[in-house]
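Single-structure report; data block below.
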Amino acid sequence: MESWEQIAVLFQDLAAGEEGAWQRLLVTLTPKLEILSRNQPIGRLRDDEDARRDIVAKVITRLHANEHRAIKRWVADDAPAPVRAWIRVVVRSAAIDVMRARPEYIRGSKNRSPGWFSLATLASQAGAAVPDSLVGKQREVESFMAESAREVRRAVEAQGSDAAGHLAATWQIPVVHTRRFVKRLDSYSEVLRMILAGCSYSEVSESLALSRREVELVVGYIEEFFHARGFGA
């Protein structure tokens, strides 16, 4: 029996109250969840083993909650979705919740859409079609970065060592953001482009000859810079 068919049978056994069904389900389903957790549209968290474990744990918690109510509803449905597709939806929902729980995820306010300043929410999923709405946001982000980089280059040429202070005053943001931008001018745009394209940290690191830690820093600095500039507000 194919493993997804076996999972559907275990769902039915669990709903029927068969002894040991939950443990048998965990043995069969957990490896599937671990694979699915690696392919979620959560940008830089795709390389985070802790994030993947959190996704799996959250799915298992949801399936176990309220005496397996979600599974029993699936079993009781007259025309249930294929079990594989149903589990994919649960995993995707859990992945989004894990992403939103991370401190770098910017929640919404009356002036700002939730997640707008997190590159993870704007990254394309490898191998998947990109919705027009996401393409539009990506272009806005890339355009904003390109214009900011041009301003940084002009300031460096005109102001020299005073460029960071000049930009901070012009943009009315803390100078720490402009110092980082000036120091990493060449890497900001390239890292942003690759992250939005759905590349993993490892892929960015290898392509741009940067350490993984440096990639992580640049992504965080870019998000903080966008937030400081009020991008999308």
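The values are calculated or read from the model by the stated rules, or taken from the named source; none is laboratory data. Not measured: the values here are computed from a predicted model. In this analysis, Cβ positions are derived from the backbone assuming ideal geometry, glycine residues included, and neighbour counts consider all displayed protein chains.
What is the residue count in segment 171-224 for residues that are polar (S, T, N, Q), in contact with an Asp or Glu (Cβ under 9 Å, 6 or more places away or on another chain) and farther than 22 Å from residue 151 by Cα? Going through segment 171-224 one residue at a time, the tally reaches 4. In segment 153-168, is there at least one residue being in contact with a Gly (Cβ under 8 Å, 6 or more places away or on another chain) and closer than 16 Å to residue 224 by Cα? Among the residues of segment 153-168, not one is in contact with a Gly (Cβ under 8 Å, 6 or more places away or on another chain) and closer than 16 Å to residue 224 by Cα, which makes the answer no.
For segment 33-60, which residues satisfy the criterion of being of a type in the set (Lys, Arg) and crowded, with 19+ Cβ neighbours inside 10 Å? Show your work before the answer.
Within segment 33-60, the subset of a type in the set (Lys, Arg) is 38, 44, 46, 52-53, 58.
Listed by number, the residues that qualify are 44, 46, 52, 58.
Taking every residue in segment 22-40 that is touching a residue at least 24 places away in the same chain (Cβ under 8 Å) and pairing it with any residue that is in a loop (DSSP other than H, G, I, E, B) and surrounded by 13 or more Cβ atoms within 10 Å (Cβ to Cβ), at least 6 positions away or on another chain, the pairs with Cβ-Cβ distances below 8 Å are 39/125; 39/126; 40/125.
Among helices (runs of 4 or more DSSP H) entirely within segment 1-108, having at least 2 residues that are within 25 Å of residue 202 (Cβ to Cβ), at pLDDT 90 or above and not assigned by TED's automatic domain parsing to the domain that holds residue 222 singles out 21-37, 49-76, 83-101.
Scanning segment 1-31 for residues that are more than 16 Å from residue 85 (Cα to Cα), loosely packed, with under 15 Cβ neighbours inside 10 Å and of a type in the set (D, E, K, R) yields 18, 19.
Of 47, 54, which residue is within 30 Å of residue 197 (Cα to Cα) and touching a residue at least 60 places away in the same chain (Cβ under 8 Å)?
47
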